[in-house]
Amino acid sequence: MIRDDPFAGGVAPRLRRLDRELREAITDAQCRDWTADRPDRVGFARLGQVRREVGHAAARYRVAPAATDGTTLLAALLAGVLVAGPLLLLVPDPARPLPLAGIAVAGVWAGYAFRAGLRRLRIRRARGAPDRAAPIDDPFLYARARRAVESCAASARADRSYRRRGAATDLEYALDWLAAAQEELPRVS
């Protein structure tokens, strides 16, 4: 869901959302360039620079990208415990080092297998989902990105922390790269 209010929420979630949108658009533009569907030698590189500057600004807010989904990690931990628990009860003398190490390894492998199964399920669902328009073809991509960057820069300028005010400079660089990427839009002949 895309919000109309550019000042809705904190700066960190807006920067995360912008980074996610830029990542999708860059990946699409780069794939199209590689397959020569729509040759665009410079566009995705400049959008990559925008994403890099947004990343610099996000680092000033200590926004780390989520490496894994918390529910997936919790489910994998639960699967490991569900495998290790009965093994601890069934194995005779589980306090000895070798059986204990085997039980621990079995629990870790069960967690990995469960995460792999969840990932495979998520991929299968994504394949079955209806195709949507490519992010790079969105006519409002640049306008929406510009609006988000400008609103985050305005919020960063008004912050009391000097580190976060420095994020405004990074976002101004991102605006410059965004303008350069928009000038390099491929021409349809």
Next item on the list: For the range 61-158, please list each of the helices (runs of 4 or more DSSP H) lying entirely inside it that holds at least 2 residues being of a type in the set (Val, Ile, Thr) and over 24 Å from residue 25 (Cβ atoms).
Entry: 70-90, 97-128
Item checked: Hey, residue 60 open to solvent by 80 Å² or more (accessible area, probe 1.4 Å), in contact with a helix residue (DSSP H, G or I) (Cβ under 9 Å, 6 or more places away or on another chain), within 30 Å of residue 155 (Cα to Cα) and at pLDDT 85 or above or not -> yes
Checklist line | Members of the range 160-189 that are outside any helix (DSSP H, G or I), open to solvent by less than 70 Å² (accessible area, probe 1.4 Å) and touching a residue at least 12 places away in the same chain (Cβ under 8 Å) | finding: 186
Next item on the list: Take the residues in the range 168-189 that are at pLDDT 75 or above and small (Gly, Ala, Ser), then tell me which one is nearest to residue 42 (Cα to Cα).
Entry: 181
Next item on the list: Sort through 118, 141 and tell me the only one that's touching a Pro at 6+ places or on another chain (Cβ under 7 Å) and either closer than 30 Å to residue 74 by Cβ or in contact (Cβ under 8 Å) with a residue 60 or more places away in the chain (or both).
Entry: 141
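The values are calculated or read from the model by the stated rules, or taken from the named source; none is laboratory data. What you see is a predicted model; the values in this text were computed from it and never measured. Counting neighbours? That spans all protein chains shown, and the Cβs are built from the backbone with ideal geometry, glycine included. Heads up: the accessible areas ignore ligands, DNA and RNA and are worked out on the full protein's heavy atoms, side chains in. Shrake-Rupley method; radii C 1.70, N 1.55, O 1.52, S 1.80 Å.
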